Amino acid sequence: MDTYSEEPATQHRATPIDTSAGALPRHVAIIMDGNGRWAIQHGMPRVLGHRQGVKALKPLVKECARLGIEVLTVYAFSTENWSRPAAEVNTLMSLLEEFLHQETPELKTEGVRIRTIGNISDLPEPAQNALAWARQETVNETRMVLNLALNYGGRDELVRAVNRWINDPSVPQTERKLDPGTLERYLDTAGLPDPDLLIRSSGELRLSNFLLWQLAYAEIYITDTLWPDFTAKEFSQALYTYQQRARRFGGLG
């Protein structure tokens, strides 16, 4: 049951991106949804859907690096996901460790730096150790950033950011005025550009507490494709759709 015969490899090849059609996003964020439903459709336990979902991520990371996209942020585990059955949560943590140990060396050769957002201190110790190792291994890579959202929730991030600001001893009491620019320096994504494009698989039409501050002006691409079936070809379609949109940021363009 742990094996799945994938479609021919050609489905994972990207269609050519026409850079003359418009600028590509600097930062892409993805809600990788539909792993459990994919498994059920294939007569498998939900946990095997998550394993297949991990397999779908690797070619997307390589494609982002090839295209010069600076940041890819993926919603890997939310603050709400702890409510799932313990066996499923344990499997997700094991898959995280497995992904990091297997893929970090190759990601390093591709120039990919691994970062995290979310309250990592609440993850199991083996997962924390694997993340610390992967971050250190890739700390000097500059081609692109793979940003893993783990134990992440947008509301939780905002609360933690405000508390960081309140408790920052370097900020004089006379300057305790919080504005957007100041808050951004205390967010988990400090130093990264805001996402230009949000992709959500499986057809759901909600943000699910993901990057609530940073997605304020992101373009949104929704696909009915379940995440394990999301290929580089569909990623190319999402990028092409993004290129056709006029980003006005509240103005007239």
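The charge dipole of the range 31-243, taken about the Cα centre with unit charges on the Cβ atoms of Lys, Arg (+1) and Asp, Glu (-1), comes to about 120 debye, rounded to the nearest 20. When you filter the trypsin sites (Lys or Arg not before Pro) in the range 169-243 for DSSP loop state and at most 14 other Cβ atoms inside 10 Å of their Cβ, you are left with ARG176, LYS177, ARG185, ARG206. What is the chain by shape, rounded, prolate or oblate, if you read a ≥ b ≥ c off the alpha carbon gyration tensor as root eigenvalues and call it rounded for a/c under 1.5, prolate for a/b larger than b/c, and oblate otherwise? Judged from the Cα gyration tensor, the chain comes out oblate (a/c at least 1.5, b/c at or above a/b).
At a 10 Å Cβ-Cβ cut-off, how would you order MET144, MET44, fewest neighbours first?
Placing the least packed residue first, the sequence is MET44, MET144.
Secondary-structure-derived ellipticity at 222 nm for the chain, considering helices only, amounts to -12000 deg cm²/dmol, per-run term -39500 (n - 2.57) for DSSP H runs with n ≥ 4. Approximating the spin labels as points 7 Å out from Cα along Cα→Cβ, the ILE166-to-VAL89 distance works out to 2.6 nm. Run down the lysines and flag those whose C-alpha is under 25 Å from the C-alpha of LYS108, throwing out any fewer than 8 positions away in its chain. Excluding near neighbours in sequence, the set is LYS55, LYS58, LYS62, LYS233.
As a proxy for reagent exposure, LEU212, LEU183 were ordered by neighbouring Cβ count within 10 angstrom, fewest first; the result is LEU212, LEU183.
Would you mind ranking ILE120, ILE31 so that the residue whose beta carbon has the fewest other beta carbons within 10 Å leads the list?
Arranged by neighbour count, lowest to highest, ILE120, ILE31 become ILE120, ILE31.
Annotation note: trypsin sites (Lys or Arg not before Pro) in the range 59-168 located in DSSP loop regions with a Cβ neighbour count of at most 10 within 10 Å are absent.
Based on the alpha-carbon gyration tensor of the range 88-170 and its eigenvalue square roots a ≥ b ≥ c, which shape applies: rounded if a/c is under 1.5, prolate if not and a/b is larger than b/c, or oblate? Please report the intermediate quantities before stating the final value.
On the way: a/c = 2.35, a/b = 1.37, b/c = 1.71.
Taking the square roots of the gyration eigenvalues as a ≥ b ≥ c, the range 88-170 is oblate.
In the chain, excluding the sites themselves, the longest stretch lacking any of the GluC sites (Glu not before Pro) that are in a DSSP loop with at most 16 other Cβ atoms within 10 Å is 7-203. Taking every Cα-Cα distance in the range 163-253 and sorting them into 5 Å bins from zero, the calculated P(r) comes out as 3, 10, 17, 17, 16, 13, 9, 7, 5, 3, 1 percent.
No value in this document is a laboratory result; all are computed from the given coordinates. Here the structure is a predicted model, which is why all the values come from computation and not from measurement. Heads up, the Cβs are rebuilt from the backbone with ideal geometry, glycines too, and the neighbour counts pull from every protein chain shown.
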